[in-house]
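To start, the structure under review is shown below, and the notes come after it.
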Amino acid sequence: MRNDRMLEEFIELVSIDAVSGQELEIAKRLTAKLEELGFTVTMDKAGEVFSGNCGNLTAIREGELDGALFLSSHMDRMPNGFGIKPVEKDGVLCSDGTTILAADDISGVCTILEGVRRAIASGKPLPRLEILFSVQEETNFGSKAADYSVFQAKMGYVFDAAGPTGQFINGAPGGYDLDVYITGKAAHAGSAPEKGINAAKVLCDIVSSLPQGRIDAETTANYPILSTGTTARNVICDQAHIAGEARSRDPKKLADYIERFKTTCQDIAQRHGAGVELKIVEEYPAFLVEEDHPLLTMAKQVCGRLAIPFTVIAGGGAMDANIYTGKGIPCVGVATGYTKNHTREEQMVLADFFKAGALCEALIEDFAESLKK
Ligand SMILES: [Zn+2]
């Protein structure tokens, strides 16, 4: 069924430019919409933390029932998202070909607004609703800087995934940024090479010893950035740097890999008598929500009721659900009908988009029902 309110709101919101780090204008518009629906809206310090002009928006609406549901999508979009002019053709919405459509993730924002609006209009008793509209999801995961102490929810839905409505993302890899700083010793390469410690050689040994590429079905690693601090060819290299990353859907395998990374770098450096400093930064934790978790049993039930085909897949890239699950609010991703996001060919099946609004409402309703039991 067509939903002109959703379509109009989508066009209204994609018309506001909101590249990562510059979400303030859209945040203001969303604040007004949420306040109209009875939410108390606050902005956190994520903008300052990640050098943007806007923080994450947290919107809370107390309910009649004892229990809270968390809903999220992100306000930012890819750089090629200025001056979007949506075009509708045969039930599909796309851009005019010069920009992205920004259905990633404005469709998610509209889905939550619609779902909440309908749930409130139904007049039925509702749970406490906790909405987080995040910033810089595409770049820094601004959601990392949110204040999680304000949330009571034990689970949530993140409307931020490509694919047909009814598709849920129950896991995504965790990832680390890995840096190796090697210190050797400079010496004249012709007259006294034995007095030097060659950091470039240590770098090569480490890179050739570390497992990389596809390590197993769930784990990958990559070391694409290699550099030395030496520019003269007659000096033994004394500084070298390796920058790479590792990811896995399995937290245990990822932890094992990081251990191996550490010992490999330290052993090889020691063998050469070189110094080594490692920087190991978790960019996002892996998440996995089992299929018998209430998030998914409820989703399956709701999809059955709305006659929407229900599927669960593991995602390949990190999303806000990684961050939220890591912070103690297990979440799954929810598709809202778009494909080819991040490209000028991005498109959205309108029937799916409209269904997502009904799906969000039904998820809130079923969650409310579950609290009465
Ligand atoms: Zn997204």
Discussion item. Below 19 Å, Cα to Cα, which lysines can Lys373 reach? Residues fewer than 8 away in the same chain don't count.
Written reply: Lys124, Lys154, Lys300
Worksheet entry | Packing-based exposure ordering (other Cβ within 10 Å, fewest first) of Thr219, Thr336, Thr297 | Thr297, Thr219, Thr336
Worksheet item: So which trypsin sites (Lys or Arg not before Pro) in the range 1-40 end up in coil per DSSP with only 15 or fewer other C-beta atoms within 10 Å?
Response: Arg2
Worksheet item: What is the gain in length, in nm to one decimal, between Ala243 and Asp17 on full extension, counting 0.36 nm per residue of separation less the C-alpha to C-alpha distance?
Response: 78.0 nm
Item to complete: With a length cut of 27 Å (Cα positions projected on each helix's long axis) and a Kyte-Doolittle mean of at least 0.5, go through the chain and give me the DSSP H helices that pass.
Response: 350-372
Fill in: R0 of 35 Å, Cβ-Cβ distance Thr42-Ser370: FRET efficiency to nearest 0.05
0.80
Discussion item. As an exercise, use a Förster radius of 35 Å and the Cβ-Cβ distance of Asp216 and Gln301 to find the FRET efficiency, rounded to the nearest 0.05.
Written reply: 0.55
Worksheet item: What is the packing order of peptides 160-171, 280-291, taking the mean over residues of other C-beta atoms within 10 Å and listing the highest first?
Response: 160-171, 280-291
Worksheet item: Computed over the Cα atoms of the range 60-138, what is the convex hull's projected area averaged over all directions, in nm²?
Response: 6.5
Worksheet entry | Highest to lowest packing among 105-115, 202-212, scored as the average C-beta count within 10 Å | 105-115, 202-212
Fill in: Share, in percent, of DSSP beta bridges within the chain that are antiparallel, nearest 5
75
Practice prompt. Please give the direction-averaged projected area of the C-alpha convex hull for the chain, in square nanometres with one decimal.
Written response: 20.7
Worksheet, complete the sentence: Residues other than Ala186 with Cβ under 14 Å of its Cβ, Lys/Arg counted +1 and Asp/Glu -1, net out at +2
Worksheet item: Rounded to the nearest 500, what is the chain's calculated 222 nm mean residue ellipticity when only DSSP H runs of at least 4 contribute -39500 (n - 2.57) each, over all residues?
Response: -10500 deg cm²/dmol
Worksheet item: Arranged from highest to lowest average of other beta-carbon atoms within 10 Å per residue, in what order do the peptides 65-76, 309-320 appear?
Response: 65-76, 309-320
Fill in: Computed P(r) (all Cα pairs; the range 174-284; 10 Å bins; percent)
15, 44, 26, 11, 3, 0
Fill in: Whole-number percent relative contact order across the range 174-284, with pairs defined as alpha carbons under 8 Å at least 6 apart
43
Practice prompt. With r as the distance between the Cβ atoms of Glu194 and Thr264 and R0 = 25 Å, compute the FRET efficiency 1/(1 + (r/R0)^6) and round to 0.05.
Written response: 0.45
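Rule-based calculations on the coordinates, nothing more; no lab input. This is a predicted model, so every value here is computed, not measured. A quick note on method: Cβ atoms are made from the backbone with ideal geometry, for glycine too, and the neighbour counts reach across all protein chains shown.
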